[in-house]
Amino acid sequence: MIAKIDNTIKYGKQRGGFGIQILYPGLVRPELNDSGFSTIGRIDHARITPGTLIPMHPHKNDEILTYLRSGKVNHKDSEGHTDTVSNQRLMMMNAGSSFYHEERTSEEDDTLEGLQIFLRPEVKGLKPKVQFHQLQNIHSINQWRKIAGKNQEYPMQIRSNTWLMDLRLEKGKKILLPNQPAENCAFLFYVFKGKIEVGNAMTLETGESALMESESPKFRADETSDIVLFITQTTATHFDGGMYSGNLLQ
């Protein structure tokens, strides 16, 4: 069975120029008693106006991917990094035992829109580190692109059995899920923007997603769509007590 996660399951927050829609993917499976799903803790779809400051704040035991599609943000952290993150320069903050960062959106650019993705590490208390990756192109057209994962062929490393890919699927084009990177994997297919027909079962629009544990449907773009794909090993060892990625239902 394919479980659709529509926008009604999200939690909205707005403070000044900072707005997010929060997805806890495990809420679609209440019998698991987990706000996250395996190693996927929380996904924030953010829209932040130019010149907004998100002050220095802590993270602990979260693996955090900043995936932007528009706008830019100037980053500073407790590990001594300063950099600018954009739709071609992505950032992974492996928070570990203790980590602080601040972000300020560029005043000269468009409103920032992107995902802040909170994943669960294998164990708590890991050494904090930060990774950056420069994409060759903003979009990967009609082909899955590796973004971050446990395996070395992924450009940014996640410290648990979790993998992220993306693509832009042009109107009328079809695609299948990629091969599983490990046994017992589930897929979370997130429509960042657009409209996707999932087999003969459902239609997903901007912000909606589908959770699949054994199915492998064909996806067709009713309009040109940007997709982020999350893959998690459902039997993977993980720590679910992270500051943001942790289980809210415990």
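What is the local net charge at GLN21, summed over the other residues whose Cβ is closer than 10 Å to its Cβ (Lys, Arg +1; Asp, Glu -1)?
+2
Measure off 7 Å from each Cα along the Cα-to-Cβ vector at THR8 and GLU102, then give the distance between these two points in nanometres to one decimal.
4.2
If you filter segment 156-202 for GluC sites (Glu not before Pro), then keep DSSP loop positions with at most 10 other Cβ within 10 Å, what is left? Could you put the intermediate results ahead of the total?
On the way: sites: GLU170, GLU183, GLU197; in loops: GLU170, GLU183.
Qualifying residues, ordered by number: GLU183.
Over the C-alpha atoms of the chain, what are the Rg and the largest Cα-to-Cα span, Dmax, in Å?
That works out to 16.9, 50 Å for Rg and Dmax.
Please state the Cα pair-distance histogram of segment 138-250 with 5 angstrom bins from zero: what percent is in each bin?
Pair shares across the bins are 2, 12, 21, 23, 19, 13, 8, 2, 0.
What does the extension gain come out to for HIS133 and ARG15, with contour length at 0.36 nm per residue minus their alpha carbon separation?
39.6 nm is the gain from fully extending HIS133 to ARG15.
Over segment 40-136, consider all pairs of different Cα atoms and compute the Kirkwood hydrodynamic radius from their mean reciprocal separation; express it in Å, one decimal.
Details: mean 1/r = 0.0744 Å⁻¹.
Over segment 40-136, the inverse of the mean reciprocal pair distance is 13.4 Å.
Give me the number: length gained by fully extending LEU248 to THR224, i.e. 0.36 nm times residue separation minus the C-alpha to C-alpha distance, one decimal in nm.
5.1 nm
Bear in mind these aren't lab numbers, they're just calculated from the coordinates by the rules spelled out. The model shown is predicted, which means the values in this text are computed figures rather than measured ones. Every residue, glycine among them, receives a Cβ derived from its backbone with ideal geometry; neighbour counts consider all protein chains shown.
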